[in-house]
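The values are calculated or read from the model by the stated rules, or taken from the named source; none is laboratory data. This one's a predicted model, so the numbers in the text were calculated from it and none came from an experiment. Neighbour counts run over all protein chains shown; Cβ positions are idealised from the backbone, glycine included. Accessible surface is based on the protein model in full, side chains and every heavy atom, while ligands, DNA and RNA are left aside. Shrake-Rupley method; radii C 1.70, N 1.55, O 1.52, S 1.80 Å.
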Amino acid sequence: MTKQVRLTHEELLRLVRKEIAQLGSQRLFAKKAGVTDAYISDILRSRRSCGPAILQYLQYRVEIRYVKQ
């Protein structure tokens, strides 16, 4: 069983930036993830959140938690 890794939004953005750097361009990252480069640009500028295609490419999923104050 693999250990679950939880990321904050900022950590997920860092992971996206790291993957882009490793591939060499936003355009190539977008192509591999199956989205447009404009969508990636919006994610990096915090105009949009990472959607299912990006999360699947990075092998993550969304988990919503409710915490009592």
With a 1.4 Å probe and all protein chains left in place, how much accessible area per residue does the chain have, in Å²? 83
Can you give me the orientation-averaged projected area of the convex hull built on the Cα atoms of region 22-66, in nm²? 3.6
Aspartates and glutamates with Cα under 16 Å of LYS31, excluding same-chain neighbours fewer than 8 positions away: GLU19, ASP42
How high is the relative contact order of the chain, in percent, with contacts defined as C-alpha pairs under 8 Å that are six or more residues apart? 19
At a 1.4 Å probe, what is the % contribution of carbon and sulfur to the accessible area of the chain? 50
Here FRET efficiency (C-beta to C-beta, ARG17 to ARG65, R₀ 22 Å, nearest 0.05) is 0.30
Can you pull the accessible area of THR36 for me, 1.4 Å probe, Å² to the nearest 10? 80
Helix-only [θ] at 222 nm, the chain, -39500 (n - 2.57) per DSSP H run of 4+, per residue, nearest 500, equals -16000 deg cm²/dmol
